[in-house]
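Q: Take this structure, written in C-alpha cells, and hold onto it; I'll ask about it next.
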C-alpha cells in the first residue's frame, strides 16, 4: 500500500475560565450528554468524544492519510479510513475513560467532502447507532470547524476566515445561520499550496517539521517573485496565481526559484486575509477567528493577527490539532445538535458532498 | 482611509490607501500603487462610456492618494433596499443598464456590491473602482453580477429574485437579450465551480 498514516491526539482545547454556556445561549448544556463524533470528509479519519460538562472535549484522536506520491485519491483515502477506524474508535473511548455504553449518541460529518471518504464515516456511524440503539446526529463539516474554533478561542460572535485544502471562506453569523460573505472563485488556499508543491516537485510530503514545504522553500528567498494578486469584492481567485507561479518556476534557474515560493505564499495568504479584513470592516465584529487546516500556519496566523489588530479586533485560532480535520469538532457540534433535537434516522443519513454552510440552520447559537 | 477635505470652493473626498502590515512590503506597495492608478483610469473610462462616477480631481500614485468629487447627501443602494424592499427594483434595473454600458466599454467593476452604488438625487453613481479590470473578459463581467447577487444574499435574501430580474431587464435593455443571457449563464458556471450549489455534477454517485 503506497501510503503512510500520521497519528495524533490532543487534550481539550477549551481555555480555562471560558464561559462555554455563554457562547451557546440556545443550548441546554445543563443536560448531561456524551457524544462520539466521526470525521472522514477528506484525508483524515478522526474520532472525538464531547460532553456537556468541562473539559467538554474528552478525547480527539486522528490518523491522516499521506500519499507517497501525487495528491489525495478519494478511493485510497477511503481505504485508509477503513483500515484505521476500529483502532481509533477504541483509542478515543480509552482516552475518554468511557465504554461504548456511556455514549448517548453518535455524530458524523455527512459533508461537504469527498464521496468515497465521507461514506466510510457515514457507514460506521449508521452501524454504531443502529446496533447500540442510540440517536444518529448529522453534522456539517464547515460548521464544525467554526464551532471548535469558537470554543478553542472562546469567542462569542467572531468574523470567520475558514481556510483548508478544500475551502476558503469568509463567514459571520446572522439570522440563525452563518452567512457566507466571500469565498474562492476557483481553487482553495490549501489546494493552491499543495498543487503548486506537487507540480513543482517539492511534495509529497506536503508538511515537514510542522511547516508546509512552500513555507520552507520561501525561507530561502530575499524578495518575492512578482505574481498576480486577485481579489474581487470579498472573493479571491487563485487559479491565475497558481498558473503564473508554475510557469515562473519552470522558467527560472534553481537559485531564483525560492522567490516563486515566497511570492505565491505571500500573495495567497495576504489575499485571504484581505477578504477577511473586508468582512470585518463590513460586519463590524470585535473578534476575528481563523480556522481550518491552513490555520495551523504560523505565517498566516501572524498576518491574521496584524490585520485584526489594525481594526481593534481580537484574533484567535484553534491549536494545530484542532485547526485541521478532527473528530472532536464533529462530536462537539453533534452534542449541540443532539441537545437541540437534531437527529436523523440511519436510513436517511446520506452523505452530501456539497453541503453548504449557509444551508444549515443553527438553533443553539 | 477616507477624508473629507476642502477643495477650492467645494469639498472633496481624499482616499488614501494605507499600508497593510499583513502584506510583504514590496507586494503591498506595488498593489496600492496599482489600485490607485486603476481607480483613476477606470473612472475616466467609465465617464467616457457614459457611466456616472465621482469625478477624479487629483491622483498621486507615489503617495497612494486619489482625490474624488464628494457627493453630498448620496445614499448607498443597500440602505435604500433595506428601506423600500422590492420597490427599489427600478434603481436596480438602472444599475443593470449601467453595468451593461460599462461592460460594453471593456470594463468590469470588480466590487459591484449594493454598498458601492450610490443614489444621489435621481442619479446612480458607481464608486470604488480600485479592483476594476480594464481589459475584462466575459468571466470578469459575470463576476460583477455574481458579487451584486451575493451582497443581496447575505443582507437581503428575500429580494434576490426580484432584483436579479430587474438587473437583467436593465442589462438587456442596453446590451440585448443575448448578452444578458450569456452573462447569466457565466454566473451559473462560476457558482457551480465556486461551491455555490450542491447540485454540481461529479463523477461520484450518491449511493452512501
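Q: From the residues in the stretch B:1-57 that are modelled with pLDDT under 95 and within 14 Å of chain A (Cβ to nearest Cβ), which one is farthest from residue A:271 (Cα to Cα)?
A: Here the answer is B:2.
Q: Among the residues of the stretch A:64-74, are any touching a residue at least 12 places away in the same chain (Cβ under 8 Å), closer than 20 Å to residue A:293 by Cα and part of a helix (DSSP H, G or I)?
A: Yes, because at least one residue in the stretch A:64-74 is touching a residue at least 12 places away in the same chain (Cβ under 8 Å), closer than 20 Å to residue A:293 by Cα and part of a helix (DSSP H, G or I).
Q: Determine if the stretch A:167-180 includes at least one residue that is touching a residue at least 12 places away in the same chain (Cβ under 8 Å), surrounded by fewer than 24 Cβ atoms within 10 Å (Cβ to Cβ) and either under 18 Å from residue A:324 (Cβ atoms) or not assigned by TED's automatic domain parsing to the domain that holds residue A:247 (or both).
A: For the stretch A:167-180, residues touching a residue at least 12 places away in the same chain (Cβ under 8 Å), surrounded by fewer than 24 Cβ atoms within 10 Å (Cβ to Cβ) and either under 18 Å from residue A:324 (Cβ atoms) or not assigned by TED's automatic domain parsing to the domain that holds residue A:247 (or both): present.
Q: Can you tell me which condition residue A:238 does not meet? The list is (1) closer than 20 Å to residue B:26 by Cα; (2) touching a strand residue (DSSP E or B) at 6+ places or on another chain (Cβ under 8 Å); (3) at pLDDT below 95, and all the others hold.
A: Unmet condition: (3).
Q: Can you name every residue in the stretch A:214-228 that is touching a helix residue (DSSP H, G or I) at 6+ places or on another chain (Cβ under 7 Å) and surrounded by fewer than 22 Cβ atoms within 10 Å (Cβ to Cβ)?
A: A:215, A:218, A:220, A:221, A:223, A:225, A:226, A:228
Q: A further question follows. If you go through the stretch A:330-365 one residue at a time, how many are closer than 21 Å to residue A:291 by Cα and either part of a loop (DSSP other than H, G, I, E, B) or in contact with a strand residue (DSSP E or B) (Cβ under 7 Å, 6 or more places away or on another chain) (or both)?
A: The qualifying residues number 18.
Q: Moving to a separate point now. Go through (1) in contact (Cβ under 8 Å) with a residue 40 or more places away in the chain; (2) over 17 Å from residue B:54 (Cα atoms); (3) surrounded by fewer than 24 Cβ atoms within 10 Å (Cβ to Cβ) for residue B:79 and report which single condition fails.
A: (1)
Q: Scanning the stretch A:215-235 for residues that are at pLDDT 95 or above, part of a loop (DSSP other than H, G, I, E, B) and at the interface with chain B (Cβ under 10 Å from one of its Cβ atoms), which turns out farthest from residue B:154 (Cα to Cα)?
A: Only one residue tops the list, namely A:223.
Q: Just checking, how many residues over the stretch A:142-169 are more than 14 Å from every other protein chain (Cβ to nearest Cβ) and over 11 Å from the mean Cα position of the chain (by Cα)?
A: Going through the stretch A:142-169 one residue at a time, the tally reaches 9.
Q: So which residues in the stretch A:34-57 are touching a strand residue (DSSP E or B) at 6+ places or on another chain (Cβ under 8 Å), farther than 21 Å from residue A:17 by Cα and not in a strand (DSSP E or B), if there are any at all?
A: A:40, A:41, A:43
Q: A follow-up question, please. Would you confirm whether or not the stretch A:27-43 contains a residue that is touching a residue at least 12 places away in the same chain (Cβ under 8 Å), crowded, with 19+ Cβ neighbours inside 10 Å, over 21 Å from residue A:336 (Cβ atoms) and not assigned by TED's automatic domain parsing to the domain that holds residue A:199?
A: Checked against the condition, which is being touching a residue at least 12 places away in the same chain (Cβ under 8 Å), crowded, with 19+ Cβ neighbours inside 10 Å, over 21 Å from residue A:336 (Cβ atoms) and not assigned by TED's automatic domain parsing to the domain that holds residue A:199, the stretch A:27-43 yields at least one hit.
Q: Now for a different question. Determine whether residue A:100 is assigned by TED's automatic domain parsing to the domain that holds residue A:351, closer than 22 Å to residue A:57 by Cβ and either at pLDDT below 95 or surrounded by 20 or more Cβ atoms within 10 Å (Cβ to Cβ) (or both).
A: No, not satisfied.
Q: Restricting the stretch B:2-42 to residues that are touching a residue at least 60 places away in the same chain (Cβ under 8 Å) and under 20 Å from the mean Cα position of the chain (by Cα), which is surrounded by the most Cβ atoms within 10 Å (Cβ to Cβ)?
A: Within the stretch B:2-42, the match that is surrounded by the most Cβ atoms within 10 Å (Cβ to Cβ) is B:42.
Q: Condition check: part of a helix (DSSP H, G or I), touching a helix residue (DSSP H, G or I) at 6+ places or on another chain (Cβ under 8 Å) and modelled with pLDDT of 95 or more. Does residue A:110 satisfy that?
A: Considered against the rule, which asks whether it is part of a helix (DSSP H, G or I), touching a helix residue (DSSP H, G or I) at 6+ places or on another chain (Cβ under 8 Å) and modelled with pLDDT of 95 or more, residue A:110 comes out as no.
Q: Now, a different point. Of everything in the stretch A:281-298 that's at pLDDT below 95 and within 12 Å of chain B (Cβ to nearest Cβ), which residue is nearest to residue A:147 (Cα to Cα)?
A: In this case the residue turns out to be A:283.
Q: Residue B:85: in contact (Cβ under 8 Å) with a residue 12 or more places away in the chain, surrounded by 18 or more Cβ atoms within 10 Å (Cβ to Cβ), part of a helix (DSSP H, G or I) and more than 14 Å from every other protein chain (Cβ to nearest Cβ), yes or no?
A: Spelling it out, it is not the case that residue B:85 is in contact (Cβ under 8 Å) with a residue 12 or more places away in the chain, surrounded by 18 or more Cβ atoms within 10 Å (Cβ to Cβ), part of a helix (DSSP H, G or I) and more than 14 Å from every other protein chain (Cβ to nearest Cβ).
The values are calculated or read from the model by the stated rules, or taken from the named source; none is laboratory data. Source: prediction; values computed, not measured. We place every Cβ from the backbone using ideal geometry, glycine too, and count neighbours over all the protein chains shown.
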